[in-house]
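The values are calculated or read from the model by the stated rules, or taken from the named source; none is laboratory data. The shown structure was predicted, so the numbers you read here are calculated from the model rather than taken from an experiment. So basically every Cβ, Gly included, is an ideal-geometry build from the backbone, and we count neighbours across all protein chains shown. The area values use the complete protein model at the heavy-atom level, side chains included, leaving out ligands, DNA and RNA. Shrake-Rupley method; radii C 1.70, N 1.55, O 1.52, S 1.80 Å.
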Amino acid sequence: METHAGSIIQISGSRKICFLLVFFVTGFFVFCNLASAKQANGQGLTADKPDTAISVEIKSGFERKSWSNLLYPTSVLRFYQRNGFQPVWVDAAKSPKQTWEAMLMLDCVLQFGLSHDDYHPKDLSYDLLHNILEKPLTINDVEKAKYDIMLTDAVIAFMNHLHYGKLNPEFTADKIDKGIEGGFNADAFLATALPQKDFMKSIISVQPKVKAYADLQYQMHLLEGVYQGDCYDIPDSTVRRIAANMERLRWAGISDSAYIDINIPSYTLKFHQPDTTYAFKVIVGKPSWPTPTLNSAVSYFTTAPEWRVPKKIFETEILPKALKDHEYLESNQISLYEEKGNYISPGMETLEMISNNPGKYTARQSAGCDNSMGLIVFRFPNVYDIYLHDTPEQQLFNEQDRDFSHGCIRVEQAEKLAGLMLALDGSENLITDVRRAIKHNKTQNFILKKAIPIKVTYLTCEVQNGVIVVFKDVYGLDKRLEMALYNVIDPLALFN
């Protein structure tokens, strides 16, 4: 049994089992407070004399492209270019406090909903690190350089996974590695974190600071903080579900004090403001027409809107109904147009002609009480061409499972939501105009002075009053994400 940095780690061959790691929660950060009597007098990582031998191997390794299996190669190179290719972790002349703390963080990444396999476990053995730091003459400089490089890459990967997520569909590893303008930069952050008194607190602070994430993180530590099994095994279903939703919250990139959050599995819209949160029921896409997750911003809304029918809906639903019922289009205020925008009289012969090549035609539903978008539509740019809107089918909000739409999001009390947006925007004087426009069925745009961020998320659990509440996995996405997070190939491995 060996002790390092206040944790108890049993090393048996290449297997290391974490029995105890105590985390403290400060604000919205969860961090480790570690101490070691042997290392208490360490004064940071700045050496009096640089280790030129290891430095030469680190630099030449990049020139020879020896470090081919790095997760974030460009970031690691930037880090070493910044410090003159000096070793950070393996110089026996320096205090190894940060080295052991880095290893402990990587040893217990399960407590952050991540997989130990993603951080070079075969290259970063404790036995080799002991020999490097305690018997430096027995290890050659190439091995020392490789260990230093791999540990740097692992810590940078850990930070990127904490901040952006491991599987972020927008910010892929390659994009992050190249550097995101105005975004989080792990290699630069690591350089500033290394000299800090509480190195681990600095590293873990890169996590999302939104309350929903902090609540899930806290629950994860309650379940995994005193983990009496193998830290490298696949965790149970509750822990996996929490991990999957922590990952999704990393993707959301929530950093605003006021924003709209639409969560698909809970069928809710929450309008978060600095001092309060307003909740609304929503209807989302059915499994065959799923609502996508996205980040955007509502820039304006329109009263008594015209509905430009999406092509897929026109081809698969509107046109077949019109061919069966010659009064369908008129009774639903739907008009047809050809490619140049000219109106087409919808006789049966014309409809049959259109059905042979529907892609060249469009349909629009005029404003009115039966309009599919209801009395208000909220617009935000997105590649999916979806929007948030009212609906004439208000009775559907009484259903528990509300996955009825073709991907767009219908919101209950749309007029109230519009008023809250105007109030936040400092335009309360326009609320009366909105009511008047709705009353007289007047099409009118209301442009916000400052766009309101909108996040469409897919969270299948959340913490309510200290208890984990689970929602239906509407689109069946949890298992696939859990498999990817924990590098599972066989889905049967997750049946627990």
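Dividing the convex hull volume of the alpha carbon atoms of the chain by its residue count, what do you get in Å³ per residue?
Roughly 189 Å³ of hull volume per residue.
At q = 0.13 Å⁻¹, what is the base-10 log of I(q)/I(0) for segment 361-482 according to the Debye formula with one equal point scatterer per Cα and no solvent? Please give it to two decimals.
Results for segment 361-482 at q = 0.13 Å⁻¹ read -0.69.
Where Rh is the Kirkwood radius over the Cα pairs of segment 87-191, the temperature 25 °C and the viscosity 0.890 mPa s, what D in µm²/s does Stokes-Einstein return?
167
Using Cα atoms only, what is the angle between the long axis of helix 73-82 and the major principal axis of the chain, expressed in degrees (0 to 90) to the nearest 10?
50
Restricting to DSSP H runs of at least four residues, report the calculated mean residue ellipticity at 222 nm for the chain, -39500 (n - 2.57) per run over all residues, nearest 500 deg cm²/dmol.
Calculated from helices alone, the mean residue ellipticity at 222 nm is -9500 deg cm²/dmol.
Counting only the heavy atoms of the protein chains, how much of LYS97 is accessible to a 1.4 Å probe, in Å² to the nearest 10?
Around 50 Å² of this residue is reachable by solvent.
For segment 379-427, what mean projected area does the convex hull of the alpha carbons give, in nm²? Present the calculation step by step, with values, prior to reporting the outcome.
Numbers: hull surface 17.2 nm².
About 4.3 nm², averaged over all directions.
With only Lys, Arg, Asp and Glu charged, each at its Cβ (+1 for the first two, -1 for the last two), find how big the charge dipole of segment 377-471 is about the Cα centre; round to the nearest 20 debye.
460
Reported to two decimal places, what Rg/Rh ratio describes segment 416-496 when computed on Cα atoms with Rh from the Kirkwood expression?
1.26
For segment 228-331, what ratio Rg/Rh do Cα atoms give with a Kirkwood hydrodynamic radius?
Over the Cα atoms of segment 228-331, Rg/Rh equals 1.13.
What are the ³J(HN,Hα) values, in whole Hz, obtained from phi via the Karplus relation 6.51 cos²θ - 1.76 cosθ + 1.60 with θ = phi - 60°, for each residue of segment 284-297 in sequence order, with x given for Gly and Pro?
10, x, 5, x, 7, 9, x, 6, x, 7, 6, 10, 7, 8
Quick one: how many Å² of LYS201 are accessible to a 1.4 Å probe, rounded to 10?
Taking all protein chains as shown, LYS201 has close to 80 Å².
Taking a 1.4 Å probe, which of GLU63, GLU428 shows the most accessible area, and what order do the others take after it?
I get GLU63, GLU428, largest accessible area first.
Using heavy-atom solvent-accessible surface (probe 1.4 Å) with all chains present, what is the largest-first order of ILE318, ILE180?
Details: ILE318 10, ILE180 35 Å².
If we order ILE318, ILE180 from most to least accessible, we get ILE180, ILE318.
In Å and on Cα atoms, what radius of gyration and Dmax does segment 350-412 show?
For segment 350-412, the Cα radius of gyration and maximum Cα-Cα distance read 14.6, 42 Å.
State the Cα centre-to-centre distance between segment 427-470 and segment 178-222 in whole Å.
Centre-to-centre distance over Cα atoms comes out at 31 Å.
Relative to the longest principal axis of the chain, what angle (0 to 90°, nearest 10) does the C-alpha long axis of helix 211-224 take?
Taking the Cα atoms of the chain, the angle to 211-224 is about 50 degrees.
In percent, what relative contact order does the chain have, based on Cα pairs under 8 Å that are 6 or more apart in sequence? Let's see the in-between values first.
On the way: 809 pairs, mean separation 85.5, N = 496.
About 17 percent, as a whole number.
Please report the antiparallel percentage of DSSP beta bridges with both residues in the chain, rounded to the nearest 5.
Here the antiparallel bridges make up roughly 85 percent for the chain.
Placing unit charges on C-beta atoms (Lys and Arg positive, Asp and Glu negative, everything else neutral), compute the dipole magnitude of the chain about its Cα centre in debye, rounded to 20.
With only Lys, Arg, Asp and Glu charged at Cβ, the dipole is about 820 debye.
Can you tell me what the convex hull of the Cα atoms of segment 171-210 projects to on average, as an area in nm²?
Averaged projected hull area, Cα only: 3.4 nm².
Å³ per residue of the Cα convex hull, for segment 305-355?
It comes to 83 Å³ per residue, whole-number rounded.
Can you give the convex hull volume of the alpha carbon atoms of segment 127-279 per residue, in Å³?
Value for segment 127-279: 175 Å³ per residue.
Towards the positive end of the charge dipole of the chain, with charges on Cβ (+1 Lys, Arg; -1 Asp, Glu), say which of SER288, SER202, SER115 has the farthest Cα.
SER202
What Kirkwood radius, in Å to one decimal, follows from the Cα pairs of segment 55-100?
That comes to 11.5 Å for segment 55-100.
Restricted to Cα positions, what overall size does segment 299-395 have along the principal axes? Three whole-Å values, descending.
40, 30, 22
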